[in-house]
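Only the coordinates and a few stated rules stand behind these numbers; no lab work does. Since we're looking at a predicted model, the values are computed, not measured. Don't worry about glycine lacking a Cβ; one is built from the backbone with ideal geometry, like all the others, and counts go over all protein chains shown.
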Amino acid sequence: MESYLQTKTVQDLIKKIENIEICMFSTVEADGSIASRPMSTRQIEPDGTLWFYTNEHSLKADEVRQYDHVNLAYADIGNQLYVSVSGTGELVTDRAMVQKLWSPVLQAWFPRGLEDPDLALIRVIPHAAEYWNASSNKMQQIFKIAQAIMKGKQYQGGEHGKIMM
């Protein structure tokens, strides 16, 4: 049984993830298994489109080209906020966009910088997102958990909702 199921908007999604820099970016491998790796979100557009840097010839780029379904898992542990975004990934090699989103800190992962001919982006167009937010303070959570145990009922804390794009 889920607690407080709510439907939110794209703007709610952006507010939930805009301050979480790193997500687990998951793709489907050739054998059908799921591969996940931490990646930094470079930009979130008003329509919810998300941008990430990659090497055009990397394994994840090959996976996105082969099977474009991706999932992004964001976690803000301090605020007990978790967001899962499913969508379509697309490799983008447009040099103007690559340059537009560039930041000097990316040189640590791409030493040749903007001169790297293999530098590319992955654009993720989200289709749906789901979130869980147990934002009450720790003492309230502990109390609610203890209360559920004592009453023999399932813990009903926080907020859970879906965001459809």
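Worth a mention:
- Residue order for Lys8, Lys60, Lys100, fewest other beta carbons within 10 angstrom first, comes to Lys100, Lys8, Lys60.
- Take the Kirkwood radius over Cα pairs of the range 6-48, plug it into Stokes-Einstein at 10 °C and 1.306 mPa s, and you get 131 µm²/s for translational diffusion.
- Percent of C-alpha pairs per 5 Å bin, the range 13-139, short to long: 2, 10, 21, 22, 19, 14, 7, 3, 2, 1, 0
- Ranking of Ile44, Ile163 by count of other Cβ atoms within 10 Å, fewest first: Ile44, Ile163
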